[in-house]
Every structure is written in C-alpha cells, then in structure tokens.
Amino acid sequence: MLKKALLFGLLGAGVFTVGILLGHFAIEKSGPPAPEWLDDVSRDVNEGLIERFIKEVDNIQIQENLRVLTSVPHMATTEGDEKTVQFMLKRWRDPDSGLDDAWREEYMVYLSFPNSTSPNKVTVVSPSDTVLFTAREKELAYEPAQNDPDVVQPYAAYSPAGHPKGKLVYANQGKVSDYEYLNTTMKVDLTGTIAIVRYGGAGRADKAINAFPFGVIGVLVYTDPLDINDGRMSDVNETYPHSWYMPPSGVERGSFTSQFGDMRTPYLAAKEHTYRIPEADIRGIPPIPIQPIGFEDAYALICELGGQAAPADWRGAFNCSYNIGGPGFKSISSYNNSDVKLDIYNKGELRNSSNVMGVIRGSVEPDRYIIYGNHRDSWVHGAIDPSSGTSVMLEITRVLGRMVKKGEWRPRRSIIFGSWGAEEFGLIGSTEYTEEYYSKLRDRTVAYINVDISVFANATLRVQGSPNVQSVVFTATKQVKTPGSDSTSVYENWIRFFNRSSPTHGLVPNVAFLTGSGSDYAAFLHFLGITSMDIAYTYDRSKTKARIYPAYHTAYDTFEYSSKFIDPGFTSHQTVARTAGNVLLRLADSLLVPFNCSDYAEGLEQYLSVSLENFSDSLATKGISLEPLKNAVANFRTAATSLNKMIRDSTLAKETPLKVRRINDQLMLLERAFLDPLAFPEKYGYRHVIWASKSSPVPTFPGLADAFARAQESNLPTDWSQVHKHLSIITQAIEGAAYTLGDVI
C-alpha cells in the first residue's frame, strides 16, 4: 500500500545527466580513455559472480535469521519492534559482512491500538442486558509463543471506539452489492443493525464504509473456513497444531484503512515538525466500530440467525443455512430477541516509527539506485508476514556485504536496502520515505524489488511486476534450481503453475501485473512511477482454495509454524533469496539496464484487446471511438521495436558513456511517463494510469474500466463523458510514453 507522483522534471534530470557525462565525452575526444574507465564501461554483468552468489546463499543462515526475528512479537513502535531495529543495524554494520553504511530514519506517525486495560468485547445481551454469549478476546494458545504477554488482542486498527448494540444480520462479504441485496431484494431494514461479514470481496475498511449509508451501526468480520481452510474446522485433528490451517479461535488482524501512508500527513513526510490534519478529517477509515472475531464465534452467531436463507454463493463451511437474520436470531434460539453489542476501546496515537536503511555504493553510477525492500513490523510474531522476507533480505546482504568488505566486488549502481516500519498500519514507512526523498528517488531510481512474504508455501515461484521486468526475471529463474532438484530450474517449475501464451515468446511463466497496494511496492510504483516487482514462493492453487496462508495476521504465525508447515528445511526461502538476489545483481551490474520495453508494449496490447472486446460496441452507440487508443498502442509498439533494434545494433561497450546513459535513462524513465497526478483525484496516492487500483472486474486500463462500469449502470450523459475523459487520459499517456522511447527530437 503506497503512493504518488507527477510526470517529473525530466529536463532537470536530463541536465544533471549530461553534466555528469560530458566529462567522459571530453576525455574520449581529447585522447585515449583511462583504462579503468574503459573497463567500467565495458563491464557487463559478471555471470561468475552470480554463480558464486547463488552457491553462497545458505538456508541455515536464513533459518537462524528467522528464529531471531520471531523471538518476540514485534508490532510497529513496540519494544519488540525496537529489538528488530537493533538487530538489523547490527547485521548491516558488521565489519566482516555488513554494508557500506546503515542508519535509521524516524517518522512520527498516526497509529491505532486497542486499550490494554479495557479490552474490546463482543457479546450477545438479552433485553434485560444479561450477557448470554461472549466472544473470545484472545486466541487459544497451543505453544508458548502464543502465551507471550505482548501478543496483542485481535482488533481492527483505525476502527473508532464505540458501543453499538443492535440486531444481527449476515451480509456476506460486506460489498455494496451485498448490503443492497439485503436492503432491496430481501427487504431487510438495516437501520440500527450489527452486520457480520466474512473476509474477502471488499477491503477491510470498505466492509464498514459500505455498511454505514444503509444504517448499519457496527460490523463484525471473520474468516470463513471455506475461504481459508478448505472447509476444515476442527483443532482436534484438522487445523493447527496438526496442519497449516487456521484453528477455530484464529483471528486475522489488520489495518482497516483504504489509503496508505501516514493518514495525518497526506503527501508530506511525517516528521515531528510536519503539519498534521485533524483526526476528524482523516479519510478512508471505518465510520462505525468494527471488530474481527474467530470462526468459532462466528459459527455460534451465524447459525443462530433467523430470517430467510442466504443465497448459495454467500454460504461458507458452516453446517447451517447461513440465514441473513430477520434481523436478529431465530425464535427458537436461546438468543431470541437479543442484541449483539460491540464495546470497542481503540485509540489513535502519534508514535515514532523507524525505517532501517543500508547501502552498497555503486562504483560507476552511484547516483543510480536499485532499491530492495521489505517491512519489518508484524501484528504478532510474523514468521511469514513479514519475517520470511526480512530473513531472506538479511541473507542477501550478508553474502553481498562480505564480497564488498573483502574488496572482491562493488556494483556498478548503488543498492539501497530498506527495512520499512509500520507497514501493517498502511504501508507507512515506505510511503513516508518516498515522500521525504521524492525528488531524489524520482530522478535516480532504476527499480524497486519487494520481497515481503517470501514464502507462502513451497510449490512454485510467483512474480508480480511491470511488464518490462519479465526478461530479467526469466533470465534469473533459468539459472536457479527449484528446491530439492539439481536439474529443474525455477523457470521450468514456475511455467507449470503460472503461464500464459505470449505472441512474442510463446508459452512463458506469467508475471502478473502490480495493480493494487498490497505491499511496499505501492508508493514506488503508483506515486513515483518506479519500475517495481514483488517476488515470492507460493502454493499449488489446484490443491487449496485458501485465499492466503491460513495463519495470516494471527498469533499462530510463528517460527514453529513456518518451520513445520510452510517450509521445512527453508529451501524455498533459499530459492527466493537466490532468485531475488540474482535479479538484484543484474539490475545493479549490467551495463545496460535489463528492461525490455517491447514486453511493456505486449502488456498494453493485452489491455487494449480486453477493452476492444468489452467496450467497443457500447462506446460506439455513444459516439466514442477506441481508434485513438489503438493508434497510441500501435505507436508505442513501433517506438519500442525501434529502440530495441538500436540497442541490438549497437556495440554498447564501445559506445560513448553518454549514449549508454541516454538509453538507460529512457528505460528507467519509461514507467514515469504513465503518471498523471490529475487522473484519479478521488484515489489517494494513485497516479499511474495503467496499474492503478480499480473496482471493475474487467482486466484492463483502470480508469477506463471503472468509468465504463459507472456509466453502464447509470446511463447518465455525465458518466459517459467521464468514460471519454479517461479514454483520452490513457491515450495521451501511452502516446507520451512512446515519445520517450524515440530520439530526443
């Protein structure tokens, strides 16, 4: 979850670039270049170095990293979090295997916590206020880690405090359409009710935001065993501690906000002196109290509801009919005529949160950055989210740091490592970093690599990213072996699970598009327009319907859970480290930035094809043509093909550094060309017109897809005008991007 940018001051960046490189050009014209300069310019990626890196990445080291990182709960800004800050600094300052420099950066951010002396409660109360049922306040402990006093009670961060009481209704996933169905089709009066909804279908905060206009006064949210456990419900022999499945008392914590970054300092870095908006002006958080509960408690409530049976697609794994409520409970229920009451005592606080930063300085282009990051904070012990990624990052820095300390290697470009704070509260650390260093990062960053949850499970690689990273990822994955095999590459295994048919390359692994704000890549991609990717190992979708690993954001996400059920032996962690490190080295060391803009053209053509199929006929009846968009995509393809041909036809090692730098800047800045700060005024932090989040299920250009969906529903001329507007925005952005790939004039 992250944010922003404008179609940056490219002129300023260009002047800076020319100023640096004219010196090299003058040397070449005035006489033979210095031998060390020629060596630097001629150097391409060192395959021997990459092979050595792959060999030295150690799964046992990763395992020990994870053991230390998960030794205590480390929720953002807590004592446990500070311990992980000190651990990261110690490792990155190690005299034998540390980085060139490491430091901490502080932000004063607005977070939300439960009240430790007045825990949140969910009860069923009779008309005489007798408590008939109380939901579990803390998860059941199956191992010592879950009994740690610093395990925070399950709660919904940023839910307002309050004490709503009302009749219960079941509202499926809390989508607008779900509340509309109850209100309009089922004729249920939602005024003054408490809704119980399941995770999925809508964002956490949206479940309450959507409910509020219908008169709902409080919301309960739970994880249905159908969505996370493949229907398994018993901790006697089916769920954790016997398998990876969430036990009945497990509760998914989370940040209940639809925006990212510090909410009181929008578009400003949250330093101590920064102006803060009033709490009352914060947007994107629940307007009514909301509280997560375990499915054991949801079962006890939902199966007692009266009223009509819910539609078939609203039903989960419970062996009851999922009635929607009258509202309220069945007449034969012991809860008949009773209300559900929420007592929520959450409070907002300003807290100091730390990013831990480290750097390996580049030898030739130190002002060009490859950034590798992951957040450090967790809801509880966080073995998978996020410490699997942090343990991988620490192993990558150990191997590379040792090479640097021994004087055996230094990258062409600088590598910046970021251990972001307070991600779980809304991608705060990474977002504040991009806001504080906006100008520098905008002009100098080549790419951002995100490895958050490095291992969801151990079946296959999963990569999301901008289309132009496809080639470098394919190259890297062909060089790394899949866990437990000396012959099968990660690439060969990956293509079995996730693949697509490319008009250019044939059958290839599918690199999914980064279209939302699920992790710390968000601000880099959506706000700054930096080419980004997210790398992880995941599960076989044919063997489970779990929407994510079942212990996600619960007290059961521990070292024991990871080592026993997720990745015994830590070989998948090792594979991710080898793969992500390989990509990192190629981005940092290649003479030419290894991006392929023709792959970007293919991504745009894919989106265009979907738009033509879904929108052409309807738009034609409104006098709106997709021809300009078709022409823009065709022009982008022509420009990309031309640039690729120029690159192939050039012996870049013999060219002036000015030409190499010019091509690299074209490749680096391509993603920036798709930024429009005015395209989505209602979407905080989203400026990328190709990859912004959307509510429409049609997989194409987000602004166009959402505008078309609204216009189709309302058929208002003003809404069809917005379709035309977003079509023009996309067309112009693609045309502008094509121009950046051509000659200067």
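In whole Hz and in residue order, list the ³J(HN,Hα) couplings for region 652-658 that follow from phi through the Karplus curve 6.51 cos²θ - 1.76 cosθ + 1.60, θ = phi - 60°; x for Gly and Pro.
Karplus-based 3J(HN,Hα) across region 652-658 equals 5, 5, 9, 7, 5, x, 4 Hz.
Using a Förster distance of 45 angstrom, determine the FRET efficiency expected from the C-beta separation of residue 478 and residue 180, and round it to 0.05.
0.35
Sequence-distant or interchain residues sharing an amide H contact under 5 Å with residue 133, placed H: which?
124
Once amide H atoms are built 1.01 Å from N in the peptide plane, which residues 5 or more positions from residue 240, or in another chain, come under 5 Å H to H?
Counting only residues 5 or more places away or on other chains, the set is 245, 246.
Over the chain, give the accessible area per residue in Å² for a 1.4 Å probe, as an integer.
Using a 1.4 Å probe on heavy atoms only, each residue of the chain averages 37 Å².
Considering only 609, 650, 621, whose Cα is most displaced toward the positive end of the charge dipole of region 540-662, charges sitting on Cβ of Lys, Arg (+1) and Asp, Glu (-1)?
Value: 650.
With θ taken as phi - 60° and the coefficients 6.51, -1.76 and 1.60, list the Karplus ³J(HN,Hα) couplings across region 376-384 in order, rounded to whole Hz; mark glycine and proline as x.
Residue by residue, region 376-384 yields 10, 7, 9, 7, 9, 7, x, 5, 8 Hz.
Could you pull out the trypsin sites (Lys or Arg not before Pro) across region 372-452 that fall in loop regions by DSSP (anything but H, G, I, E, B) with no more than 13 other Cβ atoms inside 10 Å?
406
Once label points are set 7 Å from the Cα along Cα→Cβ at both residue 440 and residue 56, what is their separation, rounded to one decimal in nm?
2.7 nm
Tell me which of 195, 217, 522 sits at the most positive position along the dipole axis of the chain, charges placed on C-beta atoms (Lys, Arg +1; Asp, Glu -1).
So the residue we want is 522.
Starting from the Cα of residue 86, step 7 Å along the direction of its Cβ; do the same at residue 349; then give the gap between the two resulting points in nm.
1.9 nm
Could you compute the net charge surrounding residue 108? Neighbours are other residues with a C-beta less than 10 Å from the C-beta of residue 108; K and R count +1, D and E count -1.
Neighbourhood net charge equals 0.
Give a quick list of trypsin sites (Lys or Arg not before Pro) in region 471-545 that DSSP marks as loop, anything other than H, G, I, E or B, with at most 13 other Cβ atoms within 10 Å.
In loop regions of region 471-545 (DSSP not H, G, I, E or B), the sparsely surrounded trypsin sites (Lys or Arg not before Pro) are 541, 543, 545.
Counting only other residues whose beta carbon sits under 11 Å from that of residue 60, what net charge do I get with K and R as +1, D and E as -1?
Counting the neighbours of residue 60, the net charge comes to -2.
What residues qualify as long-range amide H neighbours of residue 94, i.e. H under 5 Å apart, gap of 5 or more or another chain, H built at 1.01 Å from N?
Close amide H contacts, sequence-distant or interchain: 99.
Report the charge-dipole magnitude of region 413-522 in Debye, nearest 20, computed about the Cα centre from +1 at each Lys and Arg Cβ and -1 at each Asp and Glu Cβ.
560 debye
Using the alpha-carbon centroid of each, what span in Å lies between region 80-134 and region 52-69?
Cα centroid to Cα centroid, the span is 26 Å.
Within the chain, which cysteines find no other Cys whose Cβ is under 4.7 angstrom from their own?
Here 597 come out as lacking a disulfide-compatible partner, given the Cβ-Cβ threshold of under 4.7 Å.
In what sequence, largest accessible area first, do 273, 242 appear using a 1.4 Å probe?
Ranked list, largest accessible area first: 273, 242.
Could you run the Karplus curve 6.51 cos²θ - 1.76 cosθ + 1.60 with θ = phi - 60° over region 137-154 and give me ³J(HN,Hα) per residue in whole Hz, x for Gly and Pro?
Here the 3J(HN,Hα) series is 8, 9, 5, 5, 8, 10, 8, x, 4, 6, 8, 4, x, 8, 5, 6, 4, x Hz.
Grab the Cα-Cα distance for residue 621 and residue 272, subtract it from 0.36 nm times how many residues apart they are, and report the gain in nm with one decimal.
120.1 nm
Determine the gain in length on full extension of the stretch residue 281-residue 46; use 0.36 nm per residue of separation and subtract their C-alpha separation, reporting nm with one decimal.
Result for the pair: 79.3 nm of gain on full extension.
Quantify, in whole percent, the carbon and sulfur part of the accessible surface of the chain (1.4 Å probe; protein heavy atoms only).
Accessible surface attributable to carbon and sulfur in the chain totals 52 percent.
Name the trypsin sites (Lys or Arg not before Pro) in region 150-207 that are in a loop by DSSP and that have at most 11 other C-beta atoms within 10 Å, would you?
187
Given the C-alpha centroids of region 343-390 and region 666-710, what is the distance between them in whole angstrom?
26 Å
Quick one: if you stick a label point 7 Å off each Cα along the C-beta vector at residue 654 and residue 314, how many nm between them?
It works out to 7.3 nm between the two label points.
As I understand it, the dipole of the chain uses +1 on the Cβ of Lys and Arg and -1 on the Cβ of Asp and Glu, about the Cα centre. Which of 269, 128, 426 lies farthest toward its positive end?
The listed residue farthest towards the positive side: 269.
How large is the charge dipole for the chain, taken about the Cα centre, if only the Cβ atoms of Lys, Arg (+1) and Asp, Glu (-1) carry charge, to the nearest 20 debye?
With Lys and Arg at +1 and Asp and Glu at -1, about 900 debye.
With runs of 4+ DSSP H residues as the only contributors, calculate the mean residue ellipticity of the chain at 222 nm using -39,500 (n - 2.57) per run, divided by the residue total and rounded to the nearest 500.
Calculated at 222 nm, the ellipticity per residue is -11000 deg cm²/dmol.
The values are calculated or read from the model by the stated rules, or taken from the named source; none is laboratory data. Model, not experiment: these values are computed from the prediction. Every residue, glycine among them, receives a Cβ derived from its backbone with ideal geometry; neighbour counts consider all protein chains shown. Areas reflect the complete protein model, heavy atoms only, side chains present, ligands, DNA and RNA absent. Shrake-Rupley method; radii C 1.70, N 1.55, O 1.52, S 1.80 Å.
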